[in-house]
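Following: one structure in structure tokens, then a few remarks.
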Amino acid sequence: MKKTKNIIWIIALILVIILIGAIAFGYYKNATNEVKNPVATMEVEGFGTVKIELYPDKAPQTVSNFITLANRGFYDGLTFHRIVKGFMIQGGDPSGDGTGSPKFSDLYNNSDENAKYKYSDGTEAKSTDAYSIPGEFIANGYDKNNLNLTEGTIAMARSDYTSYSATLSTESYNSASSQFFIMTTNNHTNLSGYYAGFGKVIEGMDVVKEIANVECKAANTDEKSNETTEVSTPVNDVKISSLSVETFGVD
């Protein structure tokens, strides 16, 4: 009987040791397991591959929105519609001219035109309505994003209504949706804190530079003043053949 009790105690002790070891290993694994940042791979027709590391710790909603659109094929076939030499290349517009935005149906992959969605303030939206996201940058009261807009940084493009009225700054700051730009030089770091930077090119900066040097023409002519706008519209389309993001198992 005594021998049986001793065996039971030994087995119990072994089980406790195994359990403690498993818990300790779990803590060690979690402590040493580095979570990888998501990486976007963009194929540009006729130019090559660009890889961009995204920073969800700096701009979580911006990164989430970008990943959702990218992995649902939203960017495939769109173009870099605006290229300003010595500044940046801009793409991601479904209209192809800088005026377009994605719809809720693009974000939620829902073709039902009668589907209903709600904004955070409770107001209702339809599937066919365009949407925008909060501007995660310092000027908009968001202090977690300190990413400077240096060469290779990707950031969200947005509207700027402040030339009409300073009271429209809030609407301007929160007007980004799908359009993004990649900085091609360090000449405009003064824009840091006014646009939501959310990643950096880690491969293919030579491809970005090649795109930045394509032949461009004036975007359009202002009918009232008869003045042409900046020379920024590519003469030949610069098409994104595919854009997807590897999240390494992180939702």
Practice task
Return the pairs, sorted by first residue and then second, in which the second residue is in a helix (DSSP H, G or I) and open to solvent by 10 Å² or more (accessible area, probe 1.4 Å), the first residue lies in the range 52-68 and is closer than 11 Å to G199 by Cβ, the beta carbons are less than 9 Å apart, and the residues are 6+ apart or on different chains.
Solution key: L54/I67; P56/S64; P56/I67
Problem - Condition met for S159 (assigned to a loop (DSSP other than H, G, I, E, B), crowded, with 16+ Cβ neighbours inside 10 Å and modelled with pLDDT under 95) - result: yes
Completion exercise
Filter the range 67-80 for residues that are out of contact with any Lys or Arg (no Cβ under 7 Å at 6 or more places or on another chain) and small (G, A, S); the one that is least open to solvent (accessible area, probe 1.4 Å) is A70
Completion exercise
Of the candidates S64, S101, the one satisfying the condition of being outside any loop (DSSP other than H, G, I, E, B), open to solvent by 40 Å² or more (accessible area, probe 1.4 Å) and not aliphatic (A, V, I, L, M) is S64
Practice task
Return only the number of the condition from (1) assigned to a loop (DSSP other than H, G, I, E, B); (2) out of contact with any Leu (no Cβ under 6 Å at 6 or more places or on another chain); (3) within 19 Å of S177 (Cα to Cα) that L149 does not satisfy.
Solution key: (2)
Completion exercise
Within the range 104-132, the count of residues that are open to solvent by less than 70 Å² (accessible area, probe 1.4 Å) and touching a residue at least 24 places away in the same chain (Cβ under 8 Å) comes to 9
Completion exercise
A careful count of residues in the range 230-251 that are among the aliphatic types (A, V, I, L, M), assigned to a loop (DSSP other than H, G, I, E, B) and over 16 Å from the mean Cα position of the chain (by Cα) gives 2
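The values are calculated or read from the model by the stated rules, or taken from the named source; none is laboratory data. Keep in mind it's a predicted model, so treat the numbers as computed, not measured. Please note: Cβ atoms are built from the backbone with ideal geometry, for glycine as well, and neighbour counts cover all protein chains shown. Please note that ligands, DNA and RNA were not included when accessible areas were found on the heavy atoms of the full protein model with its side chains. Shrake-Rupley method; radii C 1.70, N 1.55, O 1.52, S 1.80 Å.
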